[in-house]
Amino acid sequence: MNAVVIAVCLMLALSFARINVVIALTISALVAGLVGGLDLNQTIAAFNDGLGGGAQIALSYALLGAFAAALSHSGLTTLISHSIIKKLGKEPNSTNTNVVRWTLLITILAMAVSSQNLLPIHIAFIPILIPPLLHVLSTLKIDRRLIACLLTFGLVTTYMILPIGFGGIFLNDILLANLNNNGLQAVHNQIPKAMLLPALGMVCGLLFAMFVSYRKPREYQIISSQVINETAEPGINRKSIVISIIAILATLIVQLQTNSMIFGALAGFIIFRFSGIIKRSIGQDLFNQGVHMMANIGFIMIAAAGFAAVLKSTGEVSTLVASLGDIIGDNKALAAILMLVVGLLITMGIGSSFSTIPIIATIYVPLALSFGFSIPATIALVGTAAALGDAGSPASDSTLGPTAGLNADGQHDHIRDSVIPTFMHYNIPLLGFGWIAAMVL
């Protein structure tokens, strides 16, 4: 059996068995290398070489965690949570409760969407916005699996269809460039149109999660440190609020100017540290607290980079894609579904749709053209095959980011509450709608 298939299945099995994702990725990388024809030293060398690819992301998340901890300490997030909880009223089943519930859901979804284009900060907003709202979510008994689905929908669907911000990078700089480099001759305005039908599958998955799967209340323990008095007004320090707003704006501006989450988060934390609202005696503890909050996601991204490097070094990805020709024969419908399934496997292992396109486009484009798929159908096939697995991969920042925010109080499991829900609600409909797009476009 192909080394990629074995390694990805092993990684998922170990993760679902509650083995730490970092350990699961490391063991699976070792198995992939050995099964793929590399010896032990070559496998370890490839894994070590790939680790550096995740270091930048890991440091970014660590500094974002420190910035989020400082922001929470400033009192701004407490004020926001207090304002929301006051609107609940005293009756848990009141109309006001439903208004606040839907306002929260729509706001979180809008923030996730805008994080890809309007304010292209990707998952940087999650550790800042979500932890202070956990008390409110627990009070409203909102299922956090629904929040994970909302966040992942905004992070993934947006770049699939909107050619702005991260969507511009995905659709134009990566997808269009790799398609044309392999002889497709597509143009800019064809890309978003071809991806509309697959994106509709994401919409259907989101609606199913909201109105069927996670519509019922779910009980969570309300941590004492997060309890907010509904009647008492929090002490509002105007200086802290002003400094917080300045720090947020500085973080966004620096990140956009430098294209670096590291320096954006660092700028925000420095403003907090030297403004006087964080005492020198607790500054180091606050930094360590924030880094600790995001350390797990950082190590997972580092291990995922090493895992992806081993998969690429084996050459088994190309072998897996090329072997489709022998299985498919002349069946165009079978060709489409198998290409999507292989894309799902590759992206689940690598954890990034952006990194998957250069790997599969080289073989998918000639294969699609040989079966008579049109240019829009080929765009939909390659784009959907890459996006598949971004939602639902244990190593994807589209699932790691939501977990980092929702698990701030230790009540949200990465695999069972982020990975499985997003896989079920997005990858399955995306397979179906991607196949339909390939057949009708």
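The values are calculated or read from the model by the stated rules, or taken from the named source; none is laboratory data. As the structure is a computational prediction, the values presented were derived from the model and not from experiment. Every residue, glycine among them, receives a Cβ derived from its backbone with ideal geometry; neighbour counts consider all protein chains shown. Surface accessibility is based on the protein's heavy atoms, side chains included, excluding ligands, DNA and RNA. Shrake-Rupley method; radii C 1.70, N 1.55, O 1.52, S 1.80 Å.
Below is a table of values for the structure above.
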{"item": "Verdict on Asn93 being farther than 23 Å from Gly392 by Cβ, outside any helix (DSSP H, G or I) and modelled with pLDDT under 85", "result": "yes"}
{"item": "Output for segment 1-18, where each listed residue is open to solvent by 40 Å² or more (accessible area, probe 1.4 Å) and among the β-branched types (Val, Ile, Thr)", "result": "Ile6"}
{"item": "Conditions (1) open to solvent by 30 Å² or more (accessible area, probe 1.4 Å); (2) assigned to a helix (DSSP H, G or I); (3) more than 16 Å from Leu344 (Cα to Cα): number failed by Ala408", "result": "(2)"}
{"item": "Positions within segment 172-193 being hydrophobic (A, V, I, L, M, F, W, C), assigned to a helix (DSSP H, G or I) and free of Cβ contacts under 8 Å to residues at least 60 places away in the same chain, in sequence order", "result": "Leu176, Ala177"}
{"item": "Some residue of segment 387-399 being open to solvent by 10 Å² or more (accessible area, probe 1.4 Å), touching a residue at least 24 places away in the same chain (Cβ under 8 Å), of a type in the set (Gly, Ala, Ser) and in a loop (DSSP other than H, G, I, E, B)", "result": "no"}
{"item": "Hits in segment 56-70 - residues which are open to solvent by 60 Å² or more (accessible area, probe 1.4 Å) and of a type in the set (A, V, I, L, M)", "result": "Leu59"}
{"item": "Selected residue (criterion: surrounded by the fewest Cβ atoms within 10 Å (Cβ to Cβ)) from residues of segment 420-441 that are touching a strand residue (DSSP E or B) at 6+ places or on another chain (Cβ under 6 Å) and under 20 Å from Ile300 (Cβ atoms)", "result": "Phe423"}
{"item": "In segment 36-55, the residues that are in a helix (DSSP H, G or I) and surrounded by fewer than 19 Cβ atoms within 10 Å (Cβ to Cβ)", "result": "Leu40, Asn41, Gln42, Ile44, Ala45, Asn48, Asp49, Leu51, Gly52, Gly53, Ala55"}
{"item": "Residue count for segment 19-35, restricted to those that are open to solvent by 10 Å² or more (accessible area, probe 1.4 Å) and among the polar types (S, T, N, Q)", "result": "2"}
{"item": "Residue in segment 292-309 that is of a type outside the set (A, V, I, L, M), in contact with a helix residue (DSSP H, G or I) (Cβ under 9 Å, 6 or more places away or on another chain), modelled with pLDDT under 75 and surrounded by fewer than 22 Cβ atoms within 10 Å (Cβ to Cβ) present", "result": "yes"}
